[in-house]
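Notes for the one structure printed next.
What follows draws every value from the coordinates through simple rules; no lab data is involved. For clarity, every value in this text was computed on a predicted model and none was experimentally measured. When we count neighbours, we look across all protein chains shown, and the Cβ atoms used for this are built from the backbone with ideal geometry, even at glycine.
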Amino acid sequence: MATKHVLAVLGAALVASAAVFAASAASKTTKKAADDPNNANLTYWYWAESDAPGANNWLKKEVAQYEKAHPKVKISIVTQSTDTLTSAFTTAAQTKSGPDIATQWATLPTLTPAWKGATVPISDYVPKSEWQNWISTAENTWQGKLWAMPQYLIGIPFVWNKQLFKKAGLDPNKGPKTWAEFLADAKKLKAKGITPFGMGNKDGYGGAWFFSLIGKQNLDSIDELKKAMIGEANFADPKFSGFYQALADLKKKGYLNSDVASISFEQGFQLFGQKKVAMSWGTDGNVSAWEKQLGAKNMGVAAIPQWGHGKLATSYDVTQSSDAFITKWSSHPRAAAQFLTFLHTPQALKAWYAATGVFPADRRFPASQVKDPIAKQLLKLDQSPVSVWPENFVPPQVDQNADLAGGEEITSGSASPSAVVKLWQSELSKWKSQHPDEYGAYKKWVSGH
Amino acid sequence: MAFAFGFPLVQVLRDSFYAGDFTTSPIWVGFDNYKGVVSDPEFRTSLFNNLKLMLSVPIMLGLGLAIALVLNDRIRGMRHYRAIIFLPYVLPATAIGIAFSFLLQEKGVLNTALRDAHLGALAQDWLGSSHLAIASVGALVIWQQLGFGVVVFTAALLALPPETAEAARIDGASWWQLQLRVLVPQIRPIIELLTVIQVITVLSWVFNYVYVLTTGGPGYASSVMELYIWRSFSNGSNGTAAAVAVMLFGMASVLIALSLWIRRQAFAA
């Protein structure tokens, strides 16, 4: 009997506390704070360090300056990790709670939450006179509105170590321009006991870069890839998936570092700076860091060697990479927009470049700030007329489950290119059935609506 | 009780029959999520990996029991040995996973040590090989969980009345006879209980190890059901995640029911 009483009391307490909790949550949502741009507590989920080493410190300093100038604004930065960047925000969007400002990779990772109503267009809060100075806005434009703010431009150049080239009897001042030259150089380097090309792919991002940098080269336009995503073109066509054979060949011939499958993408970047590999690729920020380690005269920088024969084979790979957007549930969208605009002020842009060596995505950034010879070369590459980053056009679920996983399978030697193509097809089919809403929105987007 | 335990279960069961955007307009899909999961090779790989990890249970229990029996002989420094063996169990799985992810890399500490000791032939790509990745996870699970088994078995052995063992010794029982015919049978219920706990652990508590050590890779080579659930949920495929959660719950329930049935049979006998 006593047990029954105890259980009854416990049950009543549980129900009562649940009711109190629910009531307090409800009152919190109904009492939405006034959106005063100069009086707000903002939470910013931030990611950029991997693209641009030094970014976290830069933001910390900018926040301190901003808070000093706006004493009633408090900004909490929550740095995000690369492997959970998309999934963490997907979860936040499902529960409609989380940051006021979030970072995401451009295009689909940014537009998908927008399609689902989890974000607000930044162009509703920032005047056009301001955002028309931002570069690469086309990557995040939908229905005539801009959904996110670009902060920086990331070009992906190819790099080689001149000393190691010389050691292998290669011309240190001539990097490979075509895939055939790349393979010939790799052969000579390997013969001298030098690891030709270095990257990390434990987390799949090395393979995803291979897809974006090499895989796109047989396409004439990114619209072809979009069609393959919705089944209007066949991904099994070598035009889309032939690059996997090139990656498998590199692995088979021993042209990749032997630990490619067991080190992370970011660990892979360190190999070039440590002189452990002769060739690699990286972001403008990585190149800047390598230049400090190796010295400008010891490294060469150029566009990625040409592998394919499509019109995109000669395009350069530059994107805003990640961007910042305002969430739908934020009580302070104006305050968030005002802070993001502050990050494009001349002092912030100058400080960004000084901290990271990465070019800001803003037309007002004076090229005269760029004095370093390698940086000048990178800026010239970043200003190439055609630029595209195909991974941005792959639905995030397919990107994670097929693009990343497929590359891992190739670099670990555990699957053939044809098996990876089947994985892509299976994941595309899963995406359609599991997210009919997202698939429908994507189709509309492809058709220009 | 119904609110705390029943509600989440009912909610997960309900979600397993829907697809699409759960925050606005989920779409009723009947058993499609279950059908999709069963026909998904990634799910089958994940399930098979959970089964492979179950092989670690007898190793874990056998080793744990053997160490506990040796320590039960009141060997010198027994407490210290027990503390050392138990230490990994109290360390966070995440920290251990990170440490081992560096240790087990192709050019990591373990392989470097093997190469330095002229045992380079034994050096493997422990995390980057699709054949070895799940075995590496299993080894880590054994390494961490071993201490728990040792402590539980030691406690059970210490709680046994000393008279039985003493009588066996007087009757001339050898060390092996004493352990295997006198002591071990007396702690059989504990062994059974720990078996069930460890089976449930490797079935539904290995996410931390897998996520930190291999992220389920290369590809899906070391994926497990929990990771499949997490991946589905993080992709916004809540219905699929819920369907697998229901299946995992069902499997764990069957195992628990089976263990209860075995115990009841043993008591009846």
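In table form, for the structure just shown:
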read-out	value
Region A:219-258 shape via C-alpha gyration tensor axes, a/c threshold 1.5	prolate
Nearest-ten-degree value, helix A:373-382 long axis tilted from longest Cα axis of chain A	70 degrees
Sum of side-chain charges, residue B:120 neighbourhood, beta-carbon under 14 Å (Lys, Arg +1; Asp, Glu -1)	-1
Counting DSSP beta bridges with both ends in chain A, the antiparallel % (nearest 5)	60 percent
Acute angle (nearest 10 degrees) that the helix A:436-446 long axis makes with the longest principal axis of chain A, alpha-carbon atoms	50 degrees
Residues A:123, B:25, sorted so that the one with the fewest Cβ neighbours within 10 Å comes first	B:25, A:123
Residue-averaged [θ]222 nm for chain A, counting only DSSP H segments that reach four residues, each worth -39500 (n - 2.57)	-13500 deg cm²/dmol
Cα gyration tensor, chain B - rounded (a/c under 1.5), prolate or oblate	oblate
Residue A:274/residue A:297 FRET efficiency (R0 25 Å; Cβ-Cβ; nearest 0.05)	0.90
Helical mean residue ellipticity (222 nm; -39500 (n - 2.57) per DSSP H run of 4+; nearest 500) of chain B	-21000 deg cm²/dmol
P(r) of region A:227-338 over all Cα-Cα pairs, binned every 5 Å from zero, in whole percent	2, 8, 12, 14, 16, 15, 11, 9, 8, 4, 1, 0
Shielding score for A:399-410, defined as the mean number of other chain Cβ atoms within 10 Å	4
Net +/- balance of residues flanking residue B:228 in space, Cβ distance below 14 Å, scoring K and R +1, D and E -1	-1
Separation of the residue A:41 and residue A:252 label points, Cα + 7 Å toward Cβ, nm	5.9 nm
Full-extension gain in nm, residue B:205 to residue B:261, via 0.36 nm per residue minus C-alpha separation	17.8 nm
Global geometry of region B:1-84, whether rounded, prolate or oblate, following the gyration tensor of its Cα atoms and the 1.5 cut on a/c	prolate
Mean Cα-pair separation over length for region B:183-248, i.e. relative contact order, pairs under 8 Å, 6 or more apart, %	23 percent
Pair residue B:99, residue A:132: separation of 7 Å Cα→Cβ label points (nm)	6.0 nm
All aspartates and glutamates inside 13 Å of residue A:430 as judged from Cα atoms, apart from same-chain residues fewer than 8 positions distant	A:399, A:438, B:32, B:40, B:42
The protein assembly as shown - Kirkwood radius from inverse mean 1/r over Cα pairs (Å)	28.5 Å
Given charges at beta-carbon only (K, R positive; D, E negative), |dipole| of the protein assembly as shown in Debye	900 debye
Cβ-defined net charge surrounding residue A:437, 15 Å radius [Lys, Arg +1; Asp, Glu -1]	+3
Relative contact order of region B:111-269, defined on C-alpha pairs under 8 angstrom at six or more residues apart (%)	22 percent
Degrees separating the helix B:78-90 axis from the principal Cα axis of chain B, which is the longest one	0 degrees
Built amide H within the under 5 Å cut-off of residue A:152, gap 5+	A:361
